[in-house]
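Everything below concerns the one structure shown next.
The values are calculated or read from the model by the stated rules, or taken from the named source; none is laboratory data. Predicted model, so just to flag it, every value in this text is computed and none were measured. Reconstructed Cβ throughout: ideal geometry from the backbone, glycine too, with neighbour counts over all protein chains shown.
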Amino acid sequence: MLAQAHETKPEQPDSAAVFACALSLREACLKSAAADPAMNLSESYNGMDEFMREMMRVANLFEAWACEHVAFAECNEVWPYLLEDRFGDACLAVMSPTGLAAFDETDCLRVALHLRLPIVVSVHPRQSVDSLPCVSASLRRCVKLFHA
């Protein structure tokens, strides 16, 4: 799940991956709205055109974030297909379909962890992972084993 950071240039965003994210998210949101009669996506976003803009913003943000933080070489699936199959459900596992306007980079990490993606962990060689206040004890053990 954790991959070592390399000094290589990050991947460039893939338009097929962005499309796959948006498509998956749209399907998951519409499915969720159909199951909940009280949910009105058009009303929540002041129209479906704004809903589509938010879907595209989330898709673009996630793909850009993934290009810097996901170890694609460690993935065993074709990236756009993985996103089309699982991104929407993973996104809705961490936030409501009506809350996409609040989606930010911290949510990218939450979605990536939900998808069980291999995350690149970058720790400065002189900095101990123990000095990072936001790192859990189990993650510290994983990083130590990885860097050993």
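Observations on the structure shown:
- With respect to the conditions (1) surrounded by fewer than 15 Cβ atoms within 10 Å (Cβ to Cβ); (2) of a type in the set (S, T, N, Q); (3) assigned to a helix (DSSP H, G or I), N60 lacks only one, and its number is (1).
- Exactly one residue among C91, C108, C67 is under 17 Å from A22 (Cβ atoms) and surrounded by fewer than 20 Cβ atoms within 10 Å (Cβ to Cβ), and that residue is C67.
- In the stretch 45-65, the residues that are small (G, A, S) and in contact with a helix residue (DSSP H, G or I) (Cβ under 7 Å, 6 or more places away or on another chain): A59
- Residue in the stretch 3-15 that is closer than 20 Å to L117 by Cβ and assigned to a helix (DSSP H, G or I) present: yes
- Flag for F72 being crowded, with 17+ Cβ neighbours inside 10 Å and either closer than 24 Å to V121 by Cβ or more than 13 Å from the chain's Cα centre (by Cα) (or both): no
- Checked against (1) part of a helix (DSSP H, G or I); (2) of a type in the set (D, E, K, R); (3) farther than 14 Å from R26 by Cα, E77 passes all but a single condition, namely (1).
- Members of the stretch 60-77 found to be modelled with pLDDT of 95 or more and either of a type outside the set (A, V, I, L, M, F, W, C) or in contact with a Lys or Arg (Cβ under 7 Å, 6 or more places away or on another chain) (or both), listed by number: N60, E63
Each row is one residue, and each column tells you yes or no for (1) of a type in the set (A, V, I, L, M); (2) modelled with pLDDT under 95.
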{"site": "T8", "(1), (2)": "no, yes"}
{"site": "P13", "(1), (2)": "no, yes"}
{"site": "A22", "(1), (2)": "yes, no"}
{"site": "E27", "(1), (2)": "no, no"}
{"site": "A33", "(1), (2)": "yes, no"}
{"site": "M52", "(1), (2)": "yes, no"}
{"site": "V58", "(1), (2)": "yes, no"}
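- Within the stretch 24-44, the residues that satisfy the criterion of being of a type in the set (A, V, I, L, M) and out of contact with any helix residue (DSSP H, G or I) (no Cβ under 6 Å at 6 or more places or on another chain) are L30, A34, A35, A38.
- Residues that are of a type in the set (A, V, I, L, M, F, W, C) and part of a helix (DSSP H, G or I) were ranked within the stretch 94-103; the one that is surrounded by the most Cβ atoms within 10 Å (Cβ to Cβ) is L100.
- Hits in the stretch 93-112 - residues which are in contact (Cβ under 8 Å) with a residue 12 or more places away in the chain and aliphatic (A, V, I, L, M): A93, V94, M95, L100, A101, L109, V111, A112
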